[in-house]
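Read the structure below first, then the notes.
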Amino acid sequence: MSEDPVIVAGAGPTGMVAALGLRARGVPVEVYEAEPEDRERPGSRAIFVHGATLRTLDTIHPGLGYDLAEEGMIWPTRRTLFRGEEVFSRTYENDRSAGAGLPPFTSLPQVWTEDVLLDTLEEVGIDVTWDTPVERVETRADGVTVGTGDGETREASYVVGADGAGSTVRKEIGADFTGDQSANSFIIADVEEVSDDPRPPERVFHYDDPDLGGRNLLIVPFQGGWRVDVQCKPDDDPERIASDEVIAEYTARALGERYRDRVEWVSTYQFKQVNAEAYTGEHDRVLLAGEAAHLFAPFGARGMNSG
């Protein structure tokens with residue numbers, strides 16, 4: 001067996017978990033990240049960690065699933081409305097007592113998840129080499145030669161390409177994305193919580209919300225705030241809806257007037273449903289993972305969890 005390490009390209013959630021999984025199996029691993037250590041990670045982004053993911057993390061590193069669960073929150077109720085009328089509601093048990101086991105999910109900003117994973121990497125002795133992108137990948141039957149942005153060349157037994165949607169590793173192995181992109185745009189807003197808000201922490205999906213001109217609205221609480229997700233109509237100008245004035249108005253309609261001025265971050269996107277033509281390169285020495293391999297519509301929290 002080769003003594004060269006496995007190189008993981010990318011220190012996002014998928015890359016960090018891949019590194020932890022390799023180390024748990026006694027495989028030497030090195031992580032290279034294109035961004036600097038003090039990188040800014042704006043917005044809540046992937047806010048939902050499934051129970052299955054928590055269990056997987058706890059298998060890789062005992063206690064990790066519980067650490068993440070403790071950082072996040074559980075909203076016990078989910079409701080669905082259609083044109084102002086409730087059509088579905090369900091409330092789940094929320095037992096966070098000692099010995100209750102891992103919860104069905106936890107909801108927290110992605111940067112908090114990344115902080116917990118970084119602390120775990122440090123705990124097990126895995127260093128991240130920051131500001132050093134993987135730029136060249138050459139495979140052969142017995143290993144991989146990797147060129148990095150600092151001008152160095154490194155040898156690896158295998159490479160995990162977890163370097164995101166614009167993956168250099170994917171391009172290096174010649175695996176193109178194929179799939180579709182949504183016609184509609186979506187607007188996501190992070191809204192700071194009001195500490196004395198009597199509103200219960202519940203996820204609400206409102207189809208054809210009359211208060212938003214018949215647009216679909218998703219409201220999801222997470223530790224520290226709320227996500228307001230608005231689906232634009234085909235003829236909407238997404239930039240107009242994402243403007244400070246309009247998104248503040250929509251937030252006030254969705255969450256109440258005192259949330260009008262509590263919008264902290266806004267993002268406009270069209271979701272893609274795409275898949276790499278192949279997840280491995282020649283000689284099966286490279287594996288694509290996470291958004292380097294596939295992009296899903298975010299509904300159901302499939303993105304980070306699938307990675």
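Observations on the structure shown:
- Stokes-Einstein diffusion of the chain at 25 °C, 0.890 mPa s viscosity, Kirkwood radius from Cα pairs, rounded to a whole number: 117 µm²/s.
- Taken about its Cα centre, region 183-269 carries a charge dipole of about 220 debye when Lys and Arg each add +1 at the Cβ and Asp and Glu each add -1 at the Cβ.
- Think of the chain as having a plus end and a minus end, set by charges on the Cβ of Lys, Arg, Asp and Glu; of Ala248, Val286, Thr91, Thr91 sits farthest toward the positive end of this dipole.
- Karplus-derived HN-Hα couplings along region 272-281 (A = 6.51, B = -1.76, C = 1.60, θ = phi - 60°), whole Hz, x at Gly and Pro: 10, 10, 10, 9, 5, 4, 8, 8, 10, x
- Using θ = phi - 60° and Karplus 6.51 cos²θ - 1.76 cosθ + 1.60, couplings along region 84-89 (whole Hz; Gly, Pro as x): x, 10, 6, 10, 7, 8
- Computed from Cα atoms alone, the Kirkwood hydrodynamic radius reported for region 183-269 is 12.9 Å.
- Integer Hz, Karplus 6.51/-1.76/1.60 couplings in order for region 251-263, x for Gly and Pro: 5, 4, 5, 7, 10, x, 4, 6, 8, 3, 9, 10, 6
- With Cα atoms, 0 to 90° folded angle of helix 51-60 axis to the chain main axis: 30 degrees
- The simple spin-label model puts a point 7 Å past each Cα toward its Cβ; for Glu249 and Thr91 those points are separated by 3.5 nm.
- Built amide H within the under 5 Å cut-off of Ser167, gap 5+: none
- Point-to-point label distance, Glu37-Ala141, nm (Cα→Cβ direction, 7 Å offset): 4.2 nm
- Cα centroid separation, region 141-161 to region 1-47 (Å): 14 Å
- Residues whose amide H falls under 5 Å from that of Val137, counting only those 5 or more places apart or on a different chain, are Gly147, with hydrogens built in the peptide plane.
- Contour minus Cα-Cα distance for Glu155 and Asp115 (0.36 nm per residue): 11.5 nm
- Whether region 21-83 is rounded, prolate or oblate, judged on the alpha carbon gyration tensor where a/c under 1.5 counts as rounded: oblate
- Dipole moment magnitude, nearest 20 debye, the chain about Cα centre, only Lys, Arg, Asp, Glu C-beta charged: 1180 debye
- Sum of -39500 (n - 2.57) over DSSP H runs of 4+, divided by residues of the chain (222 nm, nearest 500): -6500 deg cm²/dmol
Readers should treat all values here as calculations from the given coordinates under stated rules, not as data from a laboratory. Note that the coordinates shown come from a computational prediction; the quantities given were computed from them, not determined experimentally. Please note: Cβ atoms are built from the backbone with ideal geometry, for glycine as well, and neighbour counts cover all protein chains shown.
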